[in-house]
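K.L.:
Handing you a structure now.
What follows draws every value from the coordinates through simple rules; no lab data is involved. Nothing here was measured: the structure is a model prediction, and the numbers come from that model. For neighbour counting, all protein chains shown are included, and Cβ atoms are generated from backbone atoms with ideal geometry for every residue, glycine included.
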Amino acid sequence: MNVNGKRKLDFAVISDVHLGTYGCHAHELNRYLKSIQPKILVINGDFIDMWQLSRSYFPDDHIKVLRRVLKLMAEGTEVYYITGNHDEFLRKFAQTQMGHFHLVNKLILQHHGEYHWFFHGDVFDMTMKHAKWLAMLGGKGYDYLIIFNRLVNHILERLGRPRVSLSKKVKDSIKRAAKHISDFEISAATFAARQGFKYVVCGHIHEPVIKDIQTEYGSVRYLNSGDWIENLSSLEFANGAWNLVYYRDLQLEDDHDKDEEKDWTPLLLDAG
C-alpha cells in the first residue's frame, strides 16, 4: 500500500550499513528509506563503522542517511538501533530511549502472534570471539579492497565491460572454505529455538536470506537483512509476510534529494 508515494510497512530491517567507510552505498540507502513508511525500523548493527571512522571521510550522502532516519522518527516511526561489533562502543549505553529512538543490544517484538528475536549476531562469529584484532585488520583491508574495486569498475565501464565485485568474490570464497555462513546460521537458529523463538533476525555476515532451519529444538525461520556494501538489501514485513528486498529491484527514481536541506532545520526541533 502506498502512502504519499511511500510503501507502508509494519517492519523494515537494515543492517551493516557501515557509514563512514568507502564501501557504504549511502546514497542508495537514503533513497530506499525515503521510499518507505514503516511503523518500526530496526537497524540491526554496524550502522556507523566506529572501527574505521575518521574525520577525513564522512561525506554528505552519509550525513543524509542520518537525517533520513531522524525524519522517519519525526513522522512517527519507532527506530530500534541494535548494537553490532563495529559500533560496540554503544553497548554501554543500551536501553537508552529518546522519543521514538531506542538503543538496545537485542530486541524481542511480538507480531501476528509470533515472537521475533532480533540481534546483530557477532556473538556467533568465532573470529570475533577469539581474534578480534584479526577481524579489525581484515576490516581495514576490506575497505582498501573496496577502493581498488571502484577503480577497477571505472576502467571496466570505460571499456564497455560489466562491473565486478572483487570484495564479494574474495569474501565468499573464504567463507565457503570455512563453512562460515552455514555455521553462523545454524548457531543462531539453534540458539533461538532453544529459547523458544520461531523467528530470529540477524545481520553481521552480509548474506541476505530467509529460510527455515530445522534444529534439535524445533524449526526456526532464520532471516538476515544483508548489508549496504555489496547486496544493498533489507527485510520488510507487510501484509502478514516477511520479504527480502534488493535495492536494484525497486527502480527508485533519483530526485537528488532536493528536499533534504529544507527538511533538516525543523527536523531537529521535532526530534527533540
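K.L.:
Using label points projected 7 Å from each Cα along Cα→Cβ, tell me how many nm separate Asn4 and Ile108, to one decimal.
P.N.:
The modelled label-to-label distance comes out at 3.5 nm.
K.L.:
Place +1 on the Cβ of every Lys and Arg and -1 on the Cβ of every Asp and Glu in the range 1-134, take the dipole about the Cα centre, and give the residue among Phe119, Met73, Ala26 whose Cα lies farthest towards its positive end.
P.N.:
Met73
K.L.:
Which ³J(HN,Hα) values, rounded to whole Hz and listed in residue order, are derived for the range 156-163 from phi using the Karplus coefficients 6.51, -1.76 and 1.60 in 6.51 cos²θ - 1.76 cosθ + 1.60 with θ = phi - 60°, glycine and proline given as x?
P.N.:
4, 4, 5, 8, x, 9, x, 5
K.L.:
Show the residues, 5+ positions off or on another chain, whose built amide H is closer than 5 Å to the amide H of His111.
P.N.:
His116
K.L.:
What order do you get for 82-88, 26-32, 199-205, 209-215 when each peptide is scored by the mean count of other beta carbon atoms within 10 Å, highest first?
P.N.:
Details: 82-88: 24.6, 26-32: 20.7, 199-205: 26.4, 209-215: 14.3.
So the peptides 82-88, 26-32, 199-205, 209-215, ranked by packing, come out 199-205, 82-88, 26-32, 209-215.
K.L.:
Considering only the other residues whose Cβ falls under 11 Å of the Cβ of Phe11, what net charge follows from Lys and Arg at +1 and Asp and Glu at -1? Kindly include the intermediate steps, with their values, before the conclusion.
P.N.:
Working: positive: Lys39; negative: Asp10, Glu78, Glu236.
Local net charge: -2.
K.L.:
Mind listing the long-range amide H neighbours of Leu9? Cut-off is under 5 Å, sequence gap 5 or more, other chains count too, H placed in the peptide plane at 1.01 Å from N.
P.N.:
Answer set, sorted by chain and number: Gln37, Lys39.
K.L.:
Long-range amide H contacts for Lys198: which residues qualify at under 5 Å (H placed 1.01 Å from N, peptide plane, sequence gap of 5 or more or a different chain)?
P.N.:
Tyr115
K.L.:
Grab the beta carbon distance between Asp254 and Gln95, set R0 = 35 Å, and tell me the FRET efficiency rounded to 0.05.
P.N.:
According to the calculation, E is roughly 0.35.
K.L.:
Hey, another quick one. Rounded, prolate or oblate, given the Cα gyration tensor of the range 69-119, with a/c below 1.5 counting as rounded?
P.N.:
Here the range 69-119 falls in the oblate category.
K.L.:
Oh, and also: So, by mean Cβ neighbours within 10 angstrom, what's the order for 241-249, 216-224, 114-122 with the highest one leading?
P.N.:
Details: 241-249: 14.4, 216-224: 18.7, 114-122: 21.8.
Result, highest mean first: 114-122, 216-224, 241-249.
K.L.:
Classify the range 204-248 as rounded, prolate or oblate, taking a ≥ b ≥ c as the square roots of the eigenvalues of its Cα gyration tensor: rounded when a/c is under 1.5, otherwise prolate if a/b is larger than b/c and oblate if not.
P.N.:
Cα axes put the range 204-248 in the oblate bin.
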